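Since the structure comes first, as structure tokens, the remarks are kept for the end.
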Amino acid sequence: MKNVTLLVLCMAAAIATSAQFTVKGKISGADSLHLVFLSEDGQTRDTVQLFDEGEFSFTTKHKPGKDDMFALLLEGLPAPMLFLAEQPLVEVEGEKQHFPVAAVQAGQQTQWMQEYHLAYQSVIQKAMKLNMEAAGIEGDDEAGKEAFRQKAQAFEKEVLMTGLTFIKDHPKAHASLFLLMNELKSRLTEEQFIELFKGLDPGVKNSRLGKSVAAQVAAMEQSTKASGEAIEFEQKDPQGKLVKLSSFRGKYVLIDFWASWCGPCRMENPNVVAAYHQFKDKNFTILGVSLDKSRGDWLEAIEQDGLVWTQVSDLKGWGNEAAQLYGVRGIPQNFLIDPKGKVIATNLRGKALEQKLAAILQ
């Protein structure tokens with residue numbers, strides 16, 4: 001019998017303690033299973049047990065809200081199984097090799113979550129394969145880099161189209177909101193993100209997560225009404241020299257938020273490198289801002305990916321002060337600044353970055 005930690009990490013602010021909620025089932029082949037419930041404090045609240053043959057059962061002492069989200073995580077697998085606390089019992093049966101897709105007896109919202117898992121299963125597998133390919137490309141292998149760049153572009157298009165199709169077909173699903181925030185936000189312009197959010201069902205937008213996203217949308221809309229002036233910040237480069245955004249005034253500059261541990265960022269980097277070399281002699285440059293915590297990992301990724309432009313970081317991870325100023329909640333994310341210091345575009349990726357730069361610089 002194996003111990004399994006139940007991490008209670010909830011999207012809600014507080015939880016009543018008057019009723020119970022049970023999750024039980026069997027995941028064949030599972031060695032370690034975690035049940036995660038997102039909370040503001042992120043502290044461990046309970047411990048459950050994983051029995052022989054992957055059977056498990058947990059009854060919480062807490063009463064979650066009907067739109068609170070749980071996740072089952074298997075050790076060594078990147079994608080969680082998501083479900084909502086719509087009813088007091090959720091039953092799960094599946095196999096580790098197919099996780100997070102499994103047979104689930106639960107409410108409609110959780111069934112939609114399973115449709116989301118099924119839609120993205122092949123995408124997740126392709127992402128893992130691309131990450132492995134990227135790690136195997138030598139620094140001087142230009143042909144390998146170009147082949148990888150083309151695969152990465154095709155992958156990004158597939159992720160986007162899969163997500164857009166799901167959201168269009170499931171406007172009442174909380175899974176659509178989760179998908180919008182976790183898979184698509186960094187791949188969309190602010191205008192596209194706002195339009196998709198507003199197209200969701202009122203029941204989704206009025207959920208706890210929905211209200212949080214609505215506040216972000218309101219902030220986005222307010223910022224577009226403002227002057228669009230880029231916010232000043234300064235951070236240290238790898239040599240310890242402080243670099244100010246304003247030092248690039250007079251040039252078009254792309255503020256590129258990324259991190260060494262971010263798979264989508266590393267897959268996008270070949271596109272950014274190509275754009276830099278195509279337009280660097282036309283009054284254009286890039287300022288990379290890393291959300292790393294490890295200096296070693298940051299510097300290694302810079303060298304591996306050929307990021308020869310100015311790089312800065314305060315090594316605070318998601319607490320990066322520049323990222324906080326720009327409201328960055330997902331990466332990769334970028335902001336294109338004109339020579340006068342105005343923000344003229346956001347989230348330009350793949351061909352969109354090349355096309356935008358060509359339009360203004362050629």
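Since every read-out is calculated from the coordinates, none of them should be taken as a lab result. Note that this is a predicted model, so its numbers are computed, not measured. Quick reminder, even Gly has a Cβ in these numbers, built from the backbone with ideal geometry, and neighbours come from all protein chains shown.
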How large is Rg over Rh for the chain, taking Rg from the Cα atoms and Rh as the Kirkwood inverse mean of 1/r across Cα pairs? 0.99
Might you report the magnitude of the Cβ-based charge dipole of the stretch 117-225 about its Cα centre, with Lys and Arg at +1 and Asp and Glu at -1, to the nearest 20 debye? 640
Here the alpha-carbon Rg of the stretch 234-361 over 2.2 N^0.38 Å rounds to 0.96
Full extension between Gln111 and Gln87 adds, at 0.36 nm per residue less the Cα distance, a length in nm of 7.4 nm
For the residue pair Gln150 and Lys168, what label-to-label distance in nm results when each label sits 7 Å from Cα along the Cα-to-beta-carbon direction? 2.8
Spin-label zone in the stretch 232-256 - amide nitrogen under 12 Å from a point set 7 Å from the Cα of Lys316 along the C-beta vector: 234-236
Along the stretch 166-181, what does the Karplus equation 6.51 cos²θ - 1.76 cosθ + 1.60 (θ = phi - 60°) give for ³J(HN,Hα), rounded to whole Hz, x for Gly and Pro? 5, 5, 4, 7, 9, x, 9, 8, 4, 4, 5, 5, 4, 4, 4, 6
Would you mind computing, in nm to one decimal, how far apart the modelled labels at Ala143 and Lys340 are, each placed 7 Å from Cα along Cα→Cβ? 4.9
Ala274-Leu325 pseudo-label distance in nm [points 7 Å out on the Cα-to-Cβ vector]: 3.2
Return the loop-located trypsin sites (Lys or Arg not before Pro) in the stretch 236-265 (DSSP other than H, G, I, E, B) with at most 12 other Cβ atoms within 10 Å of their own Cβ; answer none if there are none. Lys241
For Asp237 and Gln355, calculate 0.36 nm times their separation in residues minus their Cα-Cα distance, and state this gained length in nm to one decimal. 39.6 nm
